[in-house]
Amino acid sequence: MSPTLDTSVSLVRNATLLVTIGETTLLVDPLFASPGENPSIRDTPNDRRNPLVPMPDIDLSYDAVIVTHRHPDHFDDAAKAELDADVPLFCQPVEADAFVDEGFTDVRPVDDSVSFGGVTISRTPARHGHGELAEEMGPVSGFVLEADETLYLAGDTVWYEQVERTLERFEPDMVVLNGGEAQFDHGEPITMGVADVSAVREATDATVVVVHMEAINHCLLTREQVRSETENVHVPDDGEEITL
């Protein structure tokens with residue numbers, strides 16, 4: 001019998017991750033632009049151009065790509081240009097045609113669950129903010145990856161009942177949360193803040209990892225705030241790996 005391989009998450013930058021589960025490595029939400037190459041997110045508390053920080057020196061080897069949603073801090077023009085056209089690319093069904101139109105030839109929309117490289121990939125609900133603003137942000141998704149262990153990528157969401165139900169349904173070993181408490185000049189935050197992270201921490205025994213901070217102009221919550229105001233939560237630096 002072959003040994004069980006470690007499940008690991010390497011933070012590249014923002015929500016860009018390299019996730020290894022079983023024998024398969026997945027690149028999640030590629031943001032490849034150089035610092036300042038992309039415009040700032042509009043109607044937000046500052047107007048710094050994005051991304052705010054460079055890519056770390058990290059080996060970007062992967063078997064397939066997952067894009068949780070097509071907002072430019074999760075899939076940008078630099079990634080579109082750099083990714084191989086024939087890379088297996090998993091996405092929301094509503095966004096599949098956009099990838100095909102851009103020339104990707106192996107687009108695999110995930111309605112419920114699909115299999116790839118010994119990994120079951122399931123799409124899960126997410127809510128990108130509160131009230132009408134969440135509706136304006138358009139459809140977003142999380143993804144659960146299952147092999148010997150189970151990893152839940154919550155995506156751009158706040159804490160709400162569907163996140164709790166996903167935790168109950170899949171009982172993940174590791175949960176990756178998009179923090180940063182991203183904000184516009186109006187309305188409530190559209191990604192997780194300290195209270196959201198703490199709610200997830202209380203709802204699961206999984207290893208909890210928080211990313212999506214200090215790279216995009218409208219993400220105001222810092223790593224240090226999350227580290228100091230939560231307990232038993234991993235907050236990796238760019239280029240850092242968290243292993244189960």
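From the list 161, 149, 181, which residue is at pLDDT 95 or above, under 18 Å from residue 237 (Cα atoms) and either open to solvent by 10 Å² or more (accessible area, probe 1.4 Å) or among the hydroxyl-bearing types (Ser, Thr, Tyr) (or both)? Working first, answer last.
Values: 161 fails: under 18 Å from residue 237 (Cα atoms); 149 fails: under 18 Å from residue 237 (Cα atoms).
Of the residues listed, the single one that is at pLDDT 95 or above, under 18 Å from residue 237 (Cα atoms) and either open to solvent by 10 Å² or more (accessible area, probe 1.4 Å) or among the hydroxyl-bearing types (Ser, Thr, Tyr) (or both) is 181.
Quickly run through segment 133-146 and pick out the residues that are in contact (Cβ under 8 Å) with a residue 12 or more places away in the chain and over 20 Å from residue 165 (Cα atoms). Write out each step before concluding.
Of the residues in segment 133-146, the ones in contact (Cβ under 8 Å) with a residue 12 or more places away in the chain are 133-134, 137-146.
Those that are in contact (Cβ under 8 Å) with a residue 12 or more places away in the chain and over 20 Å from residue 165 (Cα atoms): 133, 137, 138.
Among the candidates 125, 172, 109, single out the residue that is surrounded by 23 or more Cβ atoms within 10 Å (Cβ to Cβ) and within 17 Å of the chain's Cα centre (by Cα). First the steps, then the outcome.
On the way: 125 fails: surrounded by 23 or more Cβ atoms within 10 Å (Cβ to Cβ); 109 fails: surrounded by 23 or more Cβ atoms within 10 Å (Cβ to Cβ).
Result: 172 is the single residue among 125, 172, 109 that is surrounded by 23 or more Cβ atoms within 10 Å (Cβ to Cβ) and within 17 Å of the chain's Cα centre (by Cα).
With respect to residue 181, determine if the residue is closer than 15 Å to residue 158 by Cα, out of contact with any Ser or Thr (no Cβ under 9 Å at 6 or more places or on another chain) and of a type in the set (D, E, K, R).
Details: closer than 15 Å to residue 158 by Cα: yes; out of contact with any Ser or Thr (no Cβ under 9 Å at 6 or more places or on another chain): no; of a type in the set (D, E, K, R): yes.
Judged against the criteria, residue 181 is not a match.
Being among the hydroxyl-bearing types (Ser, Thr, Tyr), under 22 Å from residue 146 (Cα atoms) and modelled with pLDDT of 95 or more narrows it down to one residue among 34, 40, 2, 113; which is it? Quick ask: steps written out before the conclusion?
Details: 34 fails: under 22 Å from residue 146 (Cα atoms); 40 fails: under 22 Å from residue 146 (Cα atoms); 2 fails: modelled with pLDDT of 95 or more.
Sole residue among the options that is among the hydroxyl-bearing types (Ser, Thr, Tyr), under 22 Å from residue 146 (Cα atoms) and modelled with pLDDT of 95 or more: 113.
Here is a list of conditions, (1) within 16 Å of the chain's Cα centre (by Cα); (2) over 25 Å from residue 166 (Cα atoms); (3) open to solvent by 20 Å² or more (accessible area, probe 1.4 Å), and residue 216 meets all of them except one; can you say which number that is?
So the condition that residue 216 fails would be (3).
Looking at segment 76-84, can you tell me whether even one residue there is open to solvent by less than 10 Å² (accessible area, probe 1.4 Å) and either under 16 Å from the mean Cα position of the chain (by Cα) or within 16 Å of residue 215 (Cβ to Cβ) (or both)?
Yes, segment 76-84 contains at least one residue that is open to solvent by less than 10 Å² (accessible area, probe 1.4 Å) and either under 16 Å from the mean Cα position of the chain (by Cα) or within 16 Å of residue 215 (Cβ to Cβ) (or both).
Can you find a residue in segment 227-241 that is over 18 Å from the mean Cα position of the chain (by Cα), modelled with pLDDT of 95 or more and surrounded by 18 or more Cβ atoms within 10 Å (Cβ to Cβ)? Outline the logic, then answer.
Kept after step one, since they are over 18 Å from the mean Cα position of the chain (by Cα), are these residues of segment 227-241: 227-232.
Remaining after also requiring modelled with pLDDT of 95 or more: 227-232.
Still in the running and surrounded by 18 or more Cβ atoms within 10 Å (Cβ to Cβ): 230.
Within segment 227-241, one or more residues are over 18 Å from the mean Cα position of the chain (by Cα), modelled with pLDDT of 95 or more and surrounded by 18 or more Cβ atoms within 10 Å (Cβ to Cβ).
The values are calculated or read from the model by the stated rules, or taken from the named source; none is laboratory data. The model shown is predicted, which means the values in this text are computed figures rather than measured ones. For neighbour counting, all protein chains shown are included, and Cβ atoms are generated from backbone atoms with ideal geometry for every residue, glycine included. Side chains included, ligands, DNA and RNA excluded: accessible areas come from the protein's heavy atoms. Shrake-Rupley method; radii C 1.70, N 1.55, O 1.52, S 1.80 Å.
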